[in-house]
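Undergrad: Before I ask anything, let me first share the structure, which is written out below as structure tokens.
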Amino acid sequence: MTQNKRTPIKRILVLGGGSAGYLAAITLKTRLPDIEVTVVHSSKLPVIGVGEGSTFTMPIYLHGYLGIDPHKFHQTVKPTYKLGIKFLWGPRDHFHYTFTNQLNARIRNASKPNGFLGYENFPFGDINAALMASGNAFEKQEGGGPLINADAAYHLENEQFVAFLEEHADQIGIIKKDDQVVHVECDEEGVQSLQLESGKKVDADLYVDASGFQSELLGKALGEPFTSFQSSLFCDRAIIGGWTRQDELLKPYTTAETMDAGWAWQIEHDDFINRGYVYSSAFISDDEAEKEFRSKNPKVIETRLIKFETGCYDNAWVKNVVSIGNSNGFVEPLEATSLSLICDHSAKLVQTLSDCGGFVNVTTKHYYNQYTSRNWNGIRRFLAMHYKFNTRLKTPFWTACQNDTDLAGAEELIKYYQACGPSFLWANEAMGASDPFGWEGYLIMLVGQKVPFRKNTQSLTKDDLNIWNNYLGELQQRADKSLSMRQSLDIIRSDEWGWQPDF
């Protein structure tokens, strides 16, 4: 780490023009308008056109923190809404993961929290999960339009999303250079300048590395060590494909399906269904994975193979370089955390620069790195639990996951659950501070996969079961009267639809 900076940061260069690069640049310029922000990206590098899921924080970030007009966004990018993830996972036929509290709650007059009540009978646990189960998207407002709360996420087509961000960057005064880096000049302070293919040389006070898996500045130029998550997450390949939507239901969720040597996602777009198979090359060959993928998805047209390594760099902010997105770390998209991390880390960078007046010091960097590292490790342990307890298939891959997955810090939490069940009484003590998923996230995966615990549902009273069943019936009635995704989108994208000013 360098000494305290003697002059404030006034010029920031973002290397990379994908979703990470433009989200970081837009965040910096929107929240710190006096700083000069430049994006260096080559149009020769294609945008990876993969469907992306997000978490509920994405709409809040885009339209609240960045002030991007939701009406224009919906009419241009045409996102679909995502209420959660439908898991074909574990011994149940399926279960629903939402961004709301299904199990970390207690119904009035019940003797125990919902996690106990729903352990055996868990079709859903709140209205969002009931909507997912019914195939509908939103309840109706009094005027007949969809009731959209701050607990729904987006499905985005990456190419359209990045094109929108690029146009928005132009509108707010971000400088763009269509060029490629051929050499990075470094000194004891970090990156000194970037030599471009055009022959030009550019420099800045601070560099944001959003160069993706290449990690041109943090990984290659500065040589920051990389910590692999392979002992927890065995998958290292993905086959990506899809097909043009025909008469399939436009579902209000992402699907995560257990496969022989990994899992497959399904992301819902207006006119296209995006599918991908994430797998471990140690347990299945690329050809075998392609065959399995196509056997379950006969409509798939073209496929692409992506190789990756899960893990993160030890520090995200080194000298005068801050890495954002895949240049800082990568985990498979099982919980759609990528865009959320980009937004969160970009916002923390802005807040850091604002609070210190642009005079960055070693303590500032230390706590930024501590925060980002805690996020990566929190995601690692949460995803590890998905693999450790998935008993749906008995293939060599899943047997190895059950036997050998490193829980990477989730052991205390699992021990608490196994001893005390889905009780939230001491969950925060067992979980530790600032977990990105909270007790609800863990409960959904533990109860959803029917991980056993000592205090089981045999201790429930007859009244408890009646209360739970009545609750489920009420949710089902509400969901059945709700709007479908297609109905909701038609209204949202119309010129007649209006957003609340504080959306």
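The values are calculated or read from the model by the stated rules, or taken from the named source; none is laboratory data. Fair warning: this is a prediction, and the values are worked out from it, not measured in the lab. With ideal geometry, Cβ positions are generated from the backbone for all residues, glycine too; neighbour counts draw on all protein chains shown. Ligands, DNA and RNA are stripped out before the accessible areas are found, and what is left, the full protein with its side chains, is counted by its heavy atoms. Shrake-Rupley method; radii C 1.70, N 1.55, O 1.52, S 1.80 Å.
Undergrad: If I model a spin label at Ala282 and Val182 as a point 7 Å from the Cα along the Cα→Cβ vector, what separation in nanometres do I get?
TA: Computed distance between label sites Ala282 and Val182 equals 4.1 nm.
Undergrad: By how many degrees, 0 to 90 and rounded to 10, does the Cα axis of helix 338-355 deviate from the longest principal axis of the chain?
TA: With rounding to tens, the tilt is 50 degrees.
Undergrad: Might you report the magnitude of the Cβ-based charge dipole of segment 318-391 about its Cα centre, with Lys and Arg at +1 and Asp and Glu at -1, to the nearest 20 debye?
TA: With only Lys, Arg, Asp and Glu charged at Cβ, the dipole is about 240 debye.
Undergrad: Now for a separate question. Can you give the Rg and Dmax of segment 397-503 based on its C-alpha atoms, in angstrom?
TA: Cα radius of gyration and Dmax of segment 397-503 are 20.3, 56 Å respectively.
Undergrad: Could you work out what % of the accessible surface of the chain is carbon and sulfur, using a 1.4 angstrom probe and leaving DNA, RNA and ligands out of the count?
TA: About 48 percent, which is the carbon plus sulfur part of the accessible surface.
Undergrad: Leaving out ligands and nucleic acids, and using a 1.4 Å probe, what accessible area per residue does segment 68-164 come to in Å²?
TA: Counting only protein heavy atoms, the per-residue value for segment 68-164 is 35 Å².
Undergrad: Something else: In debye, nearest 20, what is the charge dipole magnitude of segment 27-116 about its Cα centre with +1 on Lys and Arg Cβ and -1 on Asp and Glu Cβ, if you could check?
TA: For this selection, approximately 420 debye.
Undergrad: Any chance you could look up the accessible area of Arg392 with a 1.4 Å probe, heavy atoms only, rounded to 10 Å²?
TA: Accessible area, nearest 10 Å²: 80 Å².
Undergrad: How big is the equivalent ellipsoid of the chain along its three axes, where each semi-axis is √(5λ) from the Cα gyration tensor, reported in whole Å from largest to smallest?
TA: Over the Cα atoms of the chain, the ellipsoid semi-axes are 38, 26, 24 Å.
Undergrad: Kindly provide the GluC sites (Glu not before Pro) of segment 297-391 that DSSP labels as loop, not H, G, I, E or B, and whose Cβ sees at most 15 other Cβ atoms within 10 Å.
TA: Glu302, Glu309
Undergrad: Here is a follow-up. Once both axes come from the Cα atoms, what is the angle between helix 158-171 and the longest principal axis of the chain, in degrees from 0 to 90, rounded to 10?
TA: So the helix axis and the longest Cα principal axis differ by about 50 degrees.
Undergrad: Along the charge dipole of segment 378-472, which of Gly438, Met385, Trp426 sits closest to the positive end, that is, farthest toward it, with unit charges on the beta carbon of Lys, Arg, Asp and Glu (+1, +1, -1, -1)?
TA: Highest projection toward the positive end goes to Met385.
Undergrad: How much accessible area per residue does segment 192-337 have, in Å², with a 1.4 Å probe?
TA: Here the residues of segment 192-337 average 38 Å² of exposed surface.
Undergrad: How far is helix 438-448 tilted off the main Cα axis of the chain, in degrees rounded to 10, range 0 to 90?
TA: Approximately 50 degrees, to the nearest 10.
Undergrad: Here's another thing I want to ask about it. Just to verify a number: what accessible area does Lys394 come out at with the full protein assembly present, 1.4 Å probe, Å² rounded to tens?
TA: 150 Å²
Undergrad: Of the beta bridges DSSP finds with both residues in the chain, what % are antiparallel, to the nearest 5? Let's see the in-between values first.
TA: On the way: 52 of 72 bridges.
So the antiparallel bridges in the chain amount to around 70 percent.
Undergrad: Work from the charge dipole of the chain (Cβ charges, +1 for Lys and Arg, -1 for Asp and Glu, about the Cα centre) and give the residue of Trp499, Leu222, Phe359 farthest towards its positive end.
TA: Among Trp499, Leu222, Phe359, the one farthest towards the positive end of the dipole of the chain is Trp499.
Undergrad: Also, I was wondering about something else. Once you have the Kirkwood Rh of segment 379-422 from its Cα pairs, apply Stokes-Einstein at 20 °C and 1.002 mPa s and quote D in µm²/s.
TA: Once the numbers are plugged in, D ends up at 196 µm²/s.
Undergrad: Sticking with this structure for a sec: Report the percentage of all Cα-Cα pairs in segment 228-387 whose separation exceeds 18 Å, rounded to a whole percent.
TA: On the way: 8106 of 12720 pairs.
Percentage above 18 Å: 64.
Undergrad: Could you pull out every residue, at least 5 positions away or on a different chain, whose amide H is within less than 5 Å of the one on Lys319? Hs are placed 1.01 Å off N in the peptide plane, and Pro or chain starts have none.
TA: Under 5 Å from the amide H of Lys319 lie the amide H atoms of Thr2, each far enough along the sequence or on another chain.
Undergrad: Hey, another quick one. Using the alpha-carbon centroid of each, what span in Å lies between segment 306-385 and segment 424-444?
TA: 21 Å
Undergrad: Treating only the Cβ of Lys, Arg, Asp and Glu as charged (+1, +1, -1, -1), what charge dipole size does segment 170-262 show about its Cα centre? Round to the nearest 20 debye.
TA: Here the size comes out at about 340 debye.
Undergrad: Another question, if that's okay. Sorted from largest to smallest, which semi-axis lengths in Å does the alpha carbon gyration tensor of segment 1-131 give for its equivalent ellipsoid, taking the root of 5 times each eigenvalue?
TA: 41, 20, 16
Undergrad: Using the alpha carbons of segment 40-86, what is the convex hull volume per residue in cubic angstrom, as a whole number? Working shown, then result.
TA: Working: hull volume 5.8 nm³, N = 47.
Value for segment 40-86: 123 Å³ per residue.
Undergrad: While we're on this one: Answer with one residue from Ser211, Phe272, Gln180: the one whose Cα lies farthest towards the positive end of the charge dipole of segment 148-297, charges on Cβ with Lys, Arg +1 and Asp, Glu -1.
TA: Toward the positive end, the furthest listed residue is Phe272.
Undergrad: So, one more: What span do the alpha-carbon atoms of segment 365-450 cover on each of the three principal axes, reported in whole Å from largest to smallest?
TA: If we take the Cα atoms of segment 365-450, the spans are 45, 29, 16 Å.
Undergrad: Relative to the compact globular guide of 2.2 N^0.38 Å, what is the alpha carbon radius of gyration of segment 184-253, as a ratio?
TA: 1.81
Undergrad: Can you sort Asp34, Asp151, Asp314 by 1.4 Å-probe accessible area, starting with the largest?
TA: Output order, biggest surface exposure first: Asp34, Asp314, Asp151.
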